[in-house]
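All remarks here apply to the structure that follows.
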Amino acid sequence: MNKDMPNEKKGIILAVVIIFIAFIVLCNPVAIVGVGERGVKVTLGRLSPKSYVEGVHFVAPFISKIKVMNIKTQKIVKETEVYTKDIQQAKINYAINFNLMPEHVHDMYGKVGVNYVETILYPAVEGNIKNVIGKWNASDLIENREIASNEITRKLQEELGKKFINFTSFQILDIKYSETFMRAIESKVTAEQEAKKAKNKTVQVEEEAKQKLITAQAEAKSMQIRATALSQNKALVEYEAVQKWDGKLPQYTMGNSVPFINLNNK
C-alpha cells in the first residue's frame, strides 16, 4: 500500500480484501473437476441431469455444489473364501479392473452415491465367484483357473454394465487349499504320471511284439513258398546249389563219384 495513504483508508481496503477472501472461502462459488474425474451438481437437493467434465465450473453460493467422482480405471486385489463343488474350502486371491462410466456418473450418484464400490461392485464380484467356483471340483479348478476367470469376467460385465460400471477383467491370482488336500493332490498327480509311464511302456512292448510276429510270419511264409517251389522243380534245386557253390569241386577219398550237379546243357 501507498505509504502516503491515510491509515483509515488503508484499513478500509484491507477490510474489503479480507471480506472478499472470506466470501470466496465460505461461499465457494467455483468448483474444479480434475483430469480423470466427473462432477455431479446438486442444487437445493436436486440432481443435475448431466455429468460435468474436467475444468472450472461456477455454482450459486449456498445453493449449489459439485461432487467430484473418479472415472479412472481402478485395480483392486482382494481375497475371499469359497467352497468348490466337492466341498473343499478355497481361498481365492483375485484382481479386478473397472471404471465408472463417465456419461452415467450423475446416475450412479443419484441411485447409490459415492460408495458404489462397497454397495454394488463387491457384492456382485463375491456372488459370481461363489457361483462359478462352486461348479468346479477342487483338483480341476487348479488347471482351469483361466476358464473360470473368463466366465466370471463375462458375467460381471453383463451384470455391472447395467449398473453404470464398466467392468474390464477378473483374474484369479492364486488358489489356496488346506495342506492335507494339497498333499493329496500331489500324490494323485504322481500316481497319474507313474500310471502314464507304465501305460506307455506297455504300448511299446506290445508294438515290439507285433513287429516280431509280423517278421516271423513273413519269414515262415517265405520258407513255405521256397520249400514248395523246390519240391516241385528239380532244376530249381540245382540252381539253389549253384548259388551256394564256391566254384571248387568237392574232394572225395573214396570211389569215382562226381558232383550231384548236372553241368550239361540240355
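Overview of results
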| read-out | value |
| --- | --- |
| Qualifying residue in the stretch 147-160 (condition: in contact with a Gly (Cβ under 8 Å, 6 or more places away or on another chain) and not hydroxyl-bearing (Ser, Thr, Tyr)) | no |
| Options Val132, Val125; residue that is within 24 Å of Asn70 (Cβ to Cβ) and of a type in the set (Val, Ile, Thr) | Val125 |
| Those residues of the stretch 67-88 which are over 15 Å from Val117 (Cα atoms) and aliphatic (A, V, I, L, M), in sequence order | Val68, Val82, Ile87 |
| Candidate set from the stretch 155-171 (those that are exposed (fewer than 14 other Cβ atoms within 10 Å of the Cβ) and closer than 19 Å to Asn115 by Cα); member that is farthest from the chain's Cα centre (by Cα) | Lys162 |
| Those residues of the stretch 52-78 which are modelled with pLDDT under 95 and more than 19 Å from Val35 (Cβ to Cβ), in sequence order | Phe58, Val59, Ala60, Pro61, Phe62, Ile63, Ser64, Lys65 |
| Residue that is farthest from Arg183 (Cα to Cα) [pool: residues in the stretch 139-148 that are in contact (Cβ under 8 Å) with a residue 40 or more places away in the chain and touching a strand residue (DSSP E or B) at 6+ places or on another chain (Cβ under 7 Å)] | Leu141 |
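The values are calculated or read from the model by the stated rules, or taken from the named source; none is laboratory data. Quantities reported herein were computed from a predicted structural model and do not represent experimental measurements. Every residue, glycine among them, receives a Cβ derived from its backbone with ideal geometry; neighbour counts consider all protein chains shown.
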